[in-house]
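Undergrad: First the structure, which I've put down as structure tokens, then a few questions once you've had a look.
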Amino acid sequence: MKMILLLEDGTSFPGESFGAVGEATGWVHDERGVVGYQECLTDPDNRGCIVNMTYPLIGNYGVNDEDGESDRAQAAALLVKEKSRVVSSWRAGSTLEAFMDRWGVVGLEGVDTRALALHLREHGEMRGIVAPAASPTTALLAKVRADAGPPPADRPKGSRPHAASARPFETDGGPRIAMLDFGCRRSYPRQLEALSCQVRSFPPTAAWDEIRASGADGLFLSNGPGAPEAFEPARRMLAAALGELPAFGIALGCQMLALAAGGKATRMGQGHHGANYPVRDLRTGRTAMTLQNHSWVIDETSLKGGVCTVSHRNLNDGTVEGVSSERGRFLGVQFSPVPDDDGRPSALFREFMERMARTGGKRQKAKG
């Protein structure tokens, strides 16, 4: 079926339908990774988004049961230059197209994805709709401009159960981590659990008294979709709780820590989505190539005179990539902490463990 992507500024890109049949509206952004389309589709950060894959051939290694960042697809639509007709991987359990059809992800093949990427770079990320090419343009534009995006969820579908259904902390287990779950990637609790941590999930609406009563040793703020200001109850809770427990936040979690400390966050014209973003740790002078997926950035000027300082900086555009506070006992980063070359949890998670041990987190350092 002939399909189009129509952007809210009236620009259109033609293609052919694949995956689920139907329409999809949402914010359009690029994904610049060469691999990782399954992780991208299942990343809760992409809930309701239309994702443009800038690498030209997508789907050649299929999908499997291990690589998802949640237990279902989160993106609304996927745009590709060419869908691979051949799946070649011993790990593959299904094709990309079958996976998309199962979870209702609308696909558009044959898109000039690089022209679209250049358009978004020049004009900024914007809303769009994937729909049959025969649809009236005026009606489609009305749908796009009326779309406010998916509302902030208590937690996106496919993330971990919250405290009500999670097992309680064990008395003699490892460090106890209360996770404020805005829509967490699976890989983060896995890294904490590899460090012998007990992870218990709480919703963004959780009260500080509830988290404190759990006996947690540290607070982990996950990534998630949406604007940070949409989580005002969580910001107020964190503002009252800063300094009570060592805390570590990623992406949206990092932004929430900055907001709780009096800072602000703004939407980027062109977000960071993909791999190989150089980030310097200003505390050590070391630079790492990072994996990122965020469209919001912390306003550095809003941090002046506050309780936190910039800890990490993007070397491409100079934006804030991390904040830290000794008084608030927290560290937050905008990028994704990934396991090292030996498969051990990220050094940032291990730093979180050391902060708990050093500043009053409970009984023991985690192994690793």
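The values are calculated or read from the model by the stated rules, or taken from the named source; none is laboratory data. Remember, it's a predicted structure, so these values are computed and weren't measured experimentally. We place every Cβ from the backbone using ideal geometry, glycine too, and count neighbours over all the protein chains shown.
Undergrad: Exactly one condition in (1) of a type in the set (G, A, S); (2) touching a Ser or Thr at 6+ places or on another chain (Cβ under 6 Å); (3) at pLDDT below 95 is not met by G22; state its number.
TA: (2)
Undergrad: Could you tell me whether region 32-53 includes any residue that is surrounded by fewer than 20 Cβ atoms within 10 Å (Cβ to Cβ), hydroxyl-bearing (S, T, Y) and either at pLDDT 95 or above or in the same structural domain as H123 (by TED's automatic domain parsing) (or both)?
TA: The answer is no; no qualifying residue exists.
Undergrad: Looking at region 251-267, which of its residues are in contact with a strand residue (DSSP E or B) (Cβ under 6 Å, 6 or more places away or on another chain), closer than 19 Å to F349 by Cβ and of a type in the set (A, V, I, L, M)?
TA: A251, M256, L257
Undergrad: Looking at region 275-289, is at least one residue within 26 Å of S201 (Cβ to Cβ), modelled with pLDDT of 95 or more and not hydrophobic (A, V, I, L, M, F, W, C)?
TA: Scanning region 275-289, I find no residue that is within 26 Å of S201 (Cβ to Cβ), modelled with pLDDT of 95 or more and not hydrophobic (A, V, I, L, M, F, W, C), so the answer is no.
Undergrad: So which residues in region 190-203 are among the hydrophobic types (A, V, I, L, M, F, W, C) and assigned to a helix (DSSP H, G or I)?
TA: L192, A194
Undergrad: Also, quick follow-up: Please find, within region 230-245, the residue that is surrounded by the most Cβ atoms within 10 Å (Cβ to Cβ) out of those that are closer than 18 Å to G322 by Cα and under 22 Å from the mean Cα position of the chain (by Cα).
TA: Among residues in region 230-245 that are closer than 18 Å to G322 by Cα and under 22 Å from the mean Cα position of the chain (by Cα), the one surrounded by the most Cβ atoms within 10 Å (Cβ to Cβ) is L238.
Undergrad: Can you pull out every residue in region 75-94 that is over 17 Å from V34 (Cα atoms) and buried (at least 18 other Cβ atoms within 10 Å of the Cβ)?
TA: A75, A76, A77
Let's see how each residue does on (1) under 27 Å from G224 (Cβ atoms); (2) aromatic (F, W, Y):
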| position | (1), (2) |
| --- | --- |
| G48 | yes, no |
| N52 | yes, no |
| Y55 | yes, yes |
| G62 | no, no |
| D65 | yes, no |
| G68 | yes, no |
| L79 | yes, no |
| S89 | no, no |
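Yes/no per residue for (1) part of a helix (DSSP H, G or I); (2) within 21 Å of G332 (Cα to Cα); (3) under 22 Å from the mean Cα position of the chain (by Cα); (4) at pLDDT 95 or above:
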site: A163; (1), (2), (3), (4): no, no, yes, no
site: R167; (1), (2), (3), (4): no, no, no, no
site: E170; (1), (2), (3), (4): no, no, no, no
site: M179; (1), (2), (3), (4): no, yes, yes, yes
site: Y188; (1), (2), (3), (4): yes, yes, yes, yes
site: T205; (1), (2), (3), (4): no, yes, yes, no
site: I211; (1), (2), (3), (4): yes, yes, no, no
site: F220; (1), (2), (3), (4): no, yes, yes, yes
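Undergrad: Same structure again: Can you tell me how many residues in region 39-56 are in a helix (DSSP H, G or I) and over 14 Å from the mean Cα position of the chain (by Cα)?
TA: Result for region 39-56: 0.
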